[in-house]
1. In this structure, is A:Thr160 of a type in the set (Ser, Thr, Tyr), in a loop (DSSP other than H, G, I, E, B), closer than 21 Å to A:Val224 by Cβ and within 14 Å of chain B (Cβ to nearest Cβ)?
2. Return the only residue of A:Ala251, A:Ala233, A:Ala226 being within 14 Å of chain B (Cβ to nearest Cβ), farther than 18 Å from B:His145 by Cβ and in contact with a helix residue (DSSP H, G or I) (Cβ under 9 Å, 6 or more places away or on another chain).
3. Quick one: how many residues across region B:1-60 are in contact with an Asp or Glu (Cβ under 7 Å, 6 or more places away or on another chain) and among the polar types (S, T, N, Q)?
4. Got a sec? Which of B:Ala305, B:Ala266, B:Ala294, B:Ala324 is of a type outside the set (Phe, Trp, Tyr) and at pLDDT 85 or above?
5. When you scan region B:33-51, do you find a residue that is without any contact (Cβ under 8 Å) to a residue 12 or more places away in the chain and either under 30 Å from B:Thr209 (Cβ atoms) or not polar (S, T, N, Q) (or both), even just one?
6. Condition check: more than 14 Å from every other protein chain (Cβ to nearest Cβ), in contact with a strand residue (DSSP E or B) (Cβ under 9 Å, 6 or more places away or on another chain) and among the aliphatic types (A, V, I, L, M). Does B:Ala77 satisfy that?
7. State which residue is farthest from the other protein chains (Cβ to nearest Cβ) when the search covers only region B:131-160 and only residues that are touching a Ser or Thr at 6+ places or on another chain (Cβ under 9 Å) and of a type in the set (D, E, K, R).
8. Quick one: would you say A:Ala263 is under 17 Å from B:Asp149 (Cα atoms) and either away from chain B (no Cβ under 13 Å) or in contact with a helix residue (DSSP H, G or I) (Cβ under 7 Å, 6 or more places away or on another chain) (or both)?
Amino acid sequence: MKIFKALMVTTAVSLALMAGTAHAADKKIALVVKALGIGFFEAANKGAQEAAKELGDVEVIYTGPTTTTAEGQIEVINSLIAQKVDAIAVSANDTDALVPALKKAMERGIKVISWDSGVAKEGRSMHLNPSSSPLIGNMIIKLAADQLPEGGDVAVLSATATSTNQNVWIEEMKKVLPNYKGINVVATVYGDDLADKSYRETQGLIQSYPNLKAIIAPTSVGIVAAAQAVTDAGKTGQINVTGLGLPSEMAGHVKSGASKSFAIWNPIDLGYSATMIAYDLIGGAEAKPGAELKMGRMGTVKLDDNNEGAMADPFVYDASNVEEFSKIF
Amino acid sequence: MAKLLKNREILLVLAIIVLVFAIALRFPGFIEPANLARVYNDTSILIILALGQMAVILTRCIDLSMAANLALSGMVAAMINAAFPGVPIPMVILTVVALGAALGSINGLLVWKLDIPPIVVTLGTLTIFRGTIFLLSNGAWINAHQMSDAFKALPRASFAGFPILSWLSVAAIAAIYVLMTRTPIGRAFFAVGGNPHAAVYTGIDVGRTRFLAYCLSGALAGLAGYLWVSRYAVAYVDIAAGFELDIIAACVIGGISIAGGIGSVAGAVLGSLFLGVIKNALPVINISPFAQLAISGTVIIIAVAVNARTEKRKGRVILKKAEAV
């Protein structure tokens, strides 16, 4: 299987090479993923192809190793350098290991960006984050508030009390809380990213706050456990569970009604934006702090001091699209 | 009265009652019968596991791999259900109980035949079991919508007003009680832990007894695996991570001596309930998450300290119940 996949990659790469000679004017952008055959990245490729179609004179080479290793990615990058692609957009398996290979690429005039999972600053011209803490903080409270036009009590079910990501998101959420009239955050509890503790904490919330209208769980273990606890308590429809989760994990709970909607980055948009940014850089745009790079239908991305930028709000999944995305990731 | 207070089980019952009332002072809803039934239901899985751990600890061994066994069995149950939703649930349960027992027997064989210290064996199998889950599942989750409704419904189904999950733990308590007090193997667990040398002279095969104790704890972990996965409607590599410590803590609080030979079914059940009450109370009495950890730890240390004192007084008597007659 591995050999077969490797063969496929080689064939694809050489085909791409031939295609490249056919349309000499086409710009070649390589989308290097952590490994082939992962739904999330297949979806990113879908977005990249969409961008290529929109731009017209771009050919996207979707490639990556067969297993999620840095060595495999280095090999792929070296072969891309030999092919003289115009840009490489990589989701890295290792922050530092890819730097020498990517530096070599940049020395040869290839534009290098990282997306989703970044590489160290010296190995890329910019990094595209799927979202940013303020955007996530705003989104999780918005998800709850959108279902509560009259306002009401909401509680937060986090991971551990010390987990950095969640704490930053919750802090950002509290900053924008005044924008959502009538929404009271009555408690923040910690499920430690354990299914049983998250379940128990949710039961505790249901008991302690009889008027609770929504539970926000910005963690994928917590949101699933909370949805199950709400279902078991017979509170489906009264308490809406929302936050950050994966469509494949949440599909059942959206269907049961325990969760009306939740959010996470959209891999299609991510692949699309990475391709657009690479195109912008090929076209002469410069990646430097404060610069704004074009992302087509996704707008622009502004780079911070580390040459990092955030794509957009997390993407909202609900009953209308969760089935479709649950097959992807 | 003084004699009664020396009885560990009665002391624990009193402690639990005091605890429940103390919690009710801060959160009156806690003491409602419906809530107490819910707490019992939530503790059922811990009780089932603690009963298995008790058998192992009685023989002077320890089983650190129970939670990993639970996770592996649970993942297998979920995978069978996801791949073949038509397989009847009792079949699934029988399969994972057998699987759990088989996994437990690996521990037992290593302890019996190779004479490796139990803590090392089970620490090893703990990681092997967790690793196996990853190999089986490729790190992917089995989610609620991949499980059949029947798979998720069984522990929740109500019988005579209580969920099946609670009834299963009651059945496990009854079965283990009979096993411990009315069968030769049950008495052998006590004898082997109380004094292995003397046990040999009475014709008990120490290694084989330990092997059987591990099979028992494995089978119960397998059962708990199904219950866990269907209760929380999700299976992944890390389920019940760290739960082995809760199981051992429940046994220790329940007065089961880590040195082997001393303990009772009632102790294991009460120790589990004590932990279960605390676990369920902490979310509703509004205490900082950092203090929660400290409270849980303090309680366990107090329990061990009390335990050490009572053990000293008792001395080491094997076949305690038989002697009393």
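1. Yes; evaluated as a whole, the condition is true for this residue.
2. Every option except A:Ala233 fails the conditions.
3. Residues flagged as in contact with an Asp or Glu (Cβ under 7 Å, 6 or more places away or on another chain) and among the polar types (S, T, N, Q) within region B:1-60 amount to 1.
4. On the way: B:Ala305 fails: at pLDDT 85 or above; B:Ala294 fails: at pLDDT 85 or above; B:Ala324 fails: at pLDDT 85 or above.
The match here is B:Ala266.
5. Checked region B:33-51: at least one residue is without any contact (Cβ under 8 Å) to a residue 12 or more places away in the chain and either under 30 Å from B:Thr209 (Cβ atoms) or not polar (S, T, N, Q) (or both).
6. Answer is yes for this residue.
7. Checked region B:131-160; the qualifying residue farthest from the other protein chains (Cβ to nearest Cβ) is B:Lys152.
8. no
The values are calculated or read from the model by the stated rules, or taken from the named source; none is laboratory data. Just so it is clear, the structure is predicted and the values come from calculations on it, not from any experiment. Cβ: placed from backbone, ideal geometry, glycine included. Neighbour counts: every protein chain shown.
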